[in-house]
Amino acid sequence: MEVWIEVIESYTDIRVWIAQNKFIPNEIMEVLSEDSLERVRWMIALKKQVT
């Protein structure tokens, strides 16, 4: 889990890709659901509708 947080904080340009990842933990989805980028939040919202 710490690795995911470190990646999100260090490589902000790939947060959209991370949000699209099918295998991210729910805790990371929660973090990304409050992201500053609308597209990241949108991707997480779409995932929650499907699951």
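None of the figures in this text is laboratory data; all of them are computed from the coordinates on show. What you see is a predicted model; the values in this text were computed from it and never measured. Glycine gets a Cβ as well: all are built from the backbone with ideal geometry, and neighbour counts include every protein chain shown.
Here are some notes:
- The C-alpha atoms of the chain define a longest principal axis, and helix 38-50 lies at about 50 degrees to it.
- Calculated from the structure at hand, percent of Cα pairs over 14 Å apart is found among [x] 51; [y] 46; [z] 41 as [z].
- Note that region 9-16 has calculated 3J(HN,Hα) couplings of 6, 8, 10, 4, 6, 10, 4, 5 Hz, one per residue in order, obtained from phi through the Karplus relation 6.51 cos²θ - 1.76 cosθ + 1.60 (θ = phi - 60°); glycine and proline are x.
- Order by protection proxy (mean Cβ within 10 Å, highest first), peptides 33-41, 12-20: 12-20, 33-41
- For the chain, the mean residue ellipticity at 222 nm estimated from helices alone is -19000 deg cm²/dmol, where every DSSP H run of n ≥ 4 contributes -39500 (n - 2.57) and the total is divided by all residues, rounded to the nearest 500.
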